[in-house]
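For reference, the structure discussed in these notes is given below.
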Amino acid sequence: MILRKARGMTQQKLAAAMGISHQAVSQWEKGETMPDIGSLPELARLLGTSADALLSAGEEDFGGFDEIIDKVNLVKRRTEQTNEKVSALIKNILDNLQKIDNELREDKNE
C-alpha cells in the first residue's frame, strides 16, 4: 500500500494497469491473498521497485513513507488554496483595470 500511495496510485489505477480488479489489490494490501507470482515483475515495475524487494520487504521497511505522503498531501492542499487565492486576486485586479479603462474611455468621449 505504501509503495502504491507513494506513486500516487489508487487501488483502481493499479488494478486497471494490471488488468485485475481493485478488490484483488485490496485483498493483497490486507494480507488476505497474494499476487500471482507471474504478475510480480509488472507489479514491481508499476510500483517503482523490484520483484525481490516486493518479496523480501515488509511494511516496516517503508514506514517513513506514510509521514512523507501526509506532508506531500498537505503541501498539495496548501498550494491549491494559494492558487485559488492568487486567481481571485488576479481576477479582482483585472476587474478593477477594466473599470478604470471604461471610465477613461467615458471621460475621453465627453
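Bear in mind these aren't lab numbers, they're just calculated from the coordinates by the rules spelled out. Because the structure is predicted, anything quoted here is derived from the model rather than measured. Cβ placement follows ideal geometry from the backbone for every residue including glycine, while neighbour counts extend to all protein chains displayed.
Taking Leu97 as the residue in question, decide whether it is over 30 Å from Met1 (Cβ atoms) and surrounded by 10 or more Cβ atoms within 10 Å (Cβ to Cβ).
Values: over 30 Å from Met1 (Cβ atoms): yes; surrounded by 10 or more Cβ atoms within 10 Å (Cβ to Cβ): yes.
Yes; evaluated as a whole, the condition is true for this residue.
Of all residues in region 37-50, which are at negative phi and surrounded by fewer than 12 Cβ atoms within 10 Å (Cβ to Cβ)? Steps first, answer last, please.
We begin by selecting, within region 37-50, every residue at negative phi; these are 37-47, 49-50.
Ile37, Gly38 - these are the residues of region 37-50 that are at negative phi and surrounded by fewer than 12 Cβ atoms within 10 Å (Cβ to Cβ).
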